[in-house]
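The values are calculated or read from the model by the stated rules, or taken from the named source; none is laboratory data. Computed from a predicted structure; not experimentally measured. Don't worry about glycine lacking a Cβ; one is built from the backbone with ideal geometry, like all the others, and counts go over all protein chains shown. These accessible areas exclude ligands, DNA and RNA; they are computed on the full protein's heavy atoms, side chains included. Shrake-Rupley method; radii C 1.70, N 1.55, O 1.52, S 1.80 Å.
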Amino acid sequence: MDLAFIPSPSVGVVHLGPIPLRGYAFCIIIGVFVGVWLGNKRWIQRGGRSGTVADIAVWAVPFGLVGGRLYHVITTYEPYFGENGHPIDALKVWEGGLGIWGAVALGAVGAWIGCRRRGIPLPAYADALAPGLALGQAIGRWGNWFNQELYGKPTDLPWGLEISSDPAIGRIGGTYHPTFLYESLWCLGVAALVIWADRRFRLGHGRAFALYVAAYCAGRAWIEYMRVDEAHHILGLRLNVWTALIVLVLAVVYFVVSAKRVPGREEVVEPGALEERAQREAADGGADAESTDGDSGKVSVEKAGEKPAAEKDTEEPEAEKAAKTEKEAKAEESAEDAPDAAKDAADTEDATDAKPAGSGSNKKS
């Protein structure tokens, strides 16, 4: 008897009237939203506009869902196109079955289309989105828990996953390795690794995305090896193990070659975004300065009887002007009085020199 284990949900879908609410679909949707949210934050930090990541995701997400489903159906075609298969079931994405390899590959095509329409370099966009992709995968993997699928080999460990029996699909009940949980935790570690490395080494030109791919593939290889669900084998290894190893090598090669050819990080990731941000900050700074000046003018208190400096500066020139005017008036008055004074002096001198009438001698000799 197992003393501890991780229970599986008794049902993977809840009906809200005629509308089915599936746990698998909810996990995928939440993972997409969280990935876009984190990608948007990183894009803004890189110098892009807010909302650009979501606009491009409108192209990338549908392409990714189609690519993920195509990969699953092609590599596991028996239930759909094999003997006694049901082709229509290939369209039932909500029942599970999305291959991450196809999702990333075709999702990149959708992202490329969106980036071309916005004039944005795809490698820079992929770098900003890389940790968000890992975080979205970590959340999306819990959809497998709702569907009781993609578990590992039997185990009696305390964190073993309880799987219920279902003879209709050949499922045997018991406790198994929760490979969905292993991959979810691994993806959280990958997201943290990419964020740390990007801050530490300023990864650019697609290298943060390459690091995400390489790190994810390294974990997926050993997790995939533990799974017991039906899969095609090549040389004794599951197809997805080979895929993980090949993609891992390609990602490492890209990382090394890119670092040699274009070291550093892109200075501009979205044309015009930095200029718009600088203009907004300048406008906000001007508005703040005006607000500060207005407030300081209101709260300033002057001493009683003391006039402001501006008024003092105004009064001093006026006083000097008044004094100057008074001096000029006196000078003009003096100038006007000078001729009169000179005339009076001249008259006085003439009067002194002239002899008064009858002043001559009238005596006879």
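Counting Lys and Arg as +1 and Asp and Glu as -1 over every other residue whose Cβ lies under 9 Å from the Cβ of Glu95, the net charge comes to +1. What the Cα atoms of region 55-99 give is an Rg and a Dmax of 11.9, 42 Å. Scanning residues 5 or more positions from Ile6 or on other chains, those with amide H under 5 Å from its amide H are Gly160, Leu161, Glu162, with H placed 1.01 Å from N in the peptide plane. Put Trp43, Trp145 in order of accessible area, highest first, and with a 1.4 Å probe you get Trp145, Trp43. Considering region 144-252, its Cα convex hull presents a mean projected area of 8.3 nm².
Per-residue packing, averaged as other Cβ atoms within 10 Å, sorts the ranges 120-128, 270-278, 206-214, 20-28 into the order 206-214, 120-128, 20-28, 270-278, beginning with the highest. Dipole magnitude for region 116-214: computed about the Cα centre from +1 point charges on Lys and Arg Cβ and -1 point charges on Asp and Glu Cβ, it is near 740 debye.
The heavy atoms of Asp55 present about 80 square angstrom of accessible area, all protein chains included, probe 1.4 Å.
The translational diffusion coefficient of region 124-167, from Stokes-Einstein at 37 °C and 0.692 mPa s with a Kirkwood hydrodynamic radius over alpha carbon pairs, comes to 253 µm²/s. Scoring 102-111, 249-258 by mean Cβ neighbours within 10 Å over their residues and listing the highest first yields 102-111, 249-258. For region 1-144, the carbon plus sulfur part of the accessible surface works out to 71%, probe radius 1.4 Å.
Only protein heavy atoms count here; under a 1.4 Å probe, Trp159 has an accessible surface of about 120 Å².
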